[in-house]
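Working notes, structure below.
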Amino acid sequence: MIPLGALELFVIDLPLVHPFRTSFGEERVRRVLLVKLSGEGALGWGECVASSGPWYSYETVDTAFLVIRDFIVPLLRRGELRHPRDFPALVSPIRGHPMAKAAVEAALWDLHCRLNGVPLWREIGGVREEVTAGVSIGIQDSVPALLERIRHFVARGYPRVKLKVKPGWDVAVLEAVRGEFPELALQVDANCAYRPGDPALREFDRFRLLLVEQPFHYEDLLGHARLAREISTPVCLDESITSPHRAREALELGACSVINIKQGRVGGLTAAVEIHDLARDRGVPVWCGGMLETGVGRALNVALATLPNFSLPNDISATDRYFREDIAHPPFALTPRGTIPVPPGPGIGVEVDEARLRRESRATARFEIGR
Ligand code: OSB
Ligand code: MG
């Protein structure tokens, strides 16, 4: 049985080193919801990947806070958990809200692993001690500004660059980027910004992209399946894959030949591993996406990306690409091999600066689970 004492929530605003602009908006400050679970003298931490507004998904920091407080905490008080893998069944009466559930499941995995003195990546069957890094570059004010951003990250040793695109910031931008970086490992992410039939999508085939991520509406699996037959650039899904059910459906329909796995989007680490396994069984490569996480969420992503079928570069960058001072320590750094090493300690392998969290949080809550 996993011994559970109290569950605590913290909401903190962390300014980003650089504003992050996508087809759906711009973030300058990352509002983060952190979950702390205590039990038998050990602690586990989880980060909720929801943003301040419902732009990437319908969840927000506030909806996740409420769902955890009013619905997940009561279920935790009633149920008994032998392993973090039992958590999805416990919270299955709650429909949707994958990010809220995933944040609590993450804290359970960390607590469970720390109680057993084992690193999380080993517990889930990871096969490597460092993961391939990649950097996701937002939409910039101008093409020269974008080229400068790319130079900056290439000079630091990032082995793969992902560019955010949208109608009007796509083909001409890619011409310029390929002009200066003919050999760079490059991919694009539209965050649902295109309509089927947009002529720009066929043009993408000229740029030798690793993949195009989520060109269409998150519910449009059929549109993606049609596109995948029409272009040679591999189609990857992000927003559309909200569960193992949806992943099976997308693969069956041929809506994607690559999957971006984010444990928060799919409802937790258990579901993420399940999607990894079913993609592996069909020979479909996966990679780990990011949500501008702090070190808490990044550590979980790094552990996840040690699984064998994470065979493409991940949206996992060094801490200094996101925050001047992270809430978790030590910071993640890029190796000369373009990788991010897995921290060696038990659980997720990073420690949270709880004193700072208590000083700077805009909201906190504490609930006794008491078993
Ligand atoms: O679509 O992958 C995305 C960040 C916030 C919301 C959605 C996305 C992203 C990123 C950033 O691309 C990846 C990272 O954390 O480095
Ligand atoms: Mg994406």
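The values are calculated or read from the model by the stated rules, or taken from the named source; none is laboratory data. On a predicted model such as this, the values are computed, not experimentally measured, just so you know. Neighbour counts run over all protein chains shown; Cβ positions are idealised from the backbone, glycine included.
Structure above, values below:
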| quantity | calculated |
| --- | --- |
| Those residues of segment 145-192 which are buried (at least 20 other Cβ atoms within 10 Å of the Cβ) and either assigned to a loop (DSSP other than H, G, I, E, B) or at pLDDT below 95 (or both), in sequence order | TYR158, ARG160, VAL165, ASP170, ALA190, ASN191, CYS192 |
| Segment 230-251 - residue that is of a type in the set (A, V, I, L, M, F, W, C) and outside any loop (DSSP other than H, G, I, E, B) and, of those, surrounded by the fewest Cβ atoms within 10 Å (Cβ to Cβ) | LEU251 |
| Unique match (being at pLDDT below 95 and part of a loop (DSSP other than H, G, I, E, B)) among ARG371, ARG337 | ARG371 |
| Long-range neighbours under 6 Å by Cβ, at least six apart or interchain, first residue at positive phi within segment 156-178, second surrounded by 15 or more Cβ atoms within 10 Å (Cβ to Cβ) and part of a loop (DSSP other than H, G, I, E, B) | GLY157/LEU334; GLY157/GLY338 |
| Output for segment 311-332, where each listed residue is away from ligand 1 (no atom under 15 Å from the Cβ) and either small (Gly, Ala, Ser) or under 16 Å from PRO159 (Cα atoms) (or both) | SER311 |
| Given (1) buried (at least 24 other Cβ atoms within 10 Å of the Cβ); (2) of a type in the set (A, V, I, L, M, F, W, C); (3) within 27 Å of PHE204 (Cα to Cα), number of the condition ALA225 does not satisfy | (1) |
| Checking VAL127 against (1) out of contact with any Pro (no Cβ under 9 Å at 6 or more places or on another chain); (2) more than 16 Å from ligand 2 (Cβ to nearest atom), the condition it does not meet | (1) |
| Index of the failed condition, VAL296 passing every other in (1) crowded, with 24+ Cβ neighbours inside 10 Å; (2) in contact with a helix residue (DSSP H, G or I) (Cβ under 7 Å, 6 or more places away or on another chain) | (2) |
| Where GLY289 falls short, out of the listed (1) buried (at least 22 other Cβ atoms within 10 Å of the Cβ); (2) out of contact with any Lys or Arg (no Cβ under 6 Å at 6 or more places or on another chain) | (2) |
| Some residue of segment 194-206 being among the basic types (Lys, Arg) and within 16 Å of ligand 1 (Cβ to nearest atom) | no |
| Count of residues meeting criterion [closer than 20 Å to GLU293 by Cβ, of a type in the set (D, E, K, R) and assigned to a helix (DSSP H, G or I)] in segment 120-132 | 1 |
| Condition check for ILE231: in contact with a helix residue (DSSP H, G or I) (Cβ under 6 Å, 6 or more places away or on another chain) and either closer than 20 Å to SER136 by Cβ or within 13 Å of ligand 2 (Cβ to nearest atom) (or both) | no |
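Let's see how each residue does on (1) under 20 Å from SER240 (Cα atoms); (2) within 16 Å of ligand 1 (Cβ to nearest atom):
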residue: PRO54; (1), (2): yes, yes
residue: VAL61; (1), (2): no, yes
residue: VAL67; (1), (2): no, no
residue: GLY79; (1), (2): no, no
residue: ARG82; (1), (2): no, no
residue: PHE87; (1), (2): no, no
residue: ARG95; (1), (2): yes, no
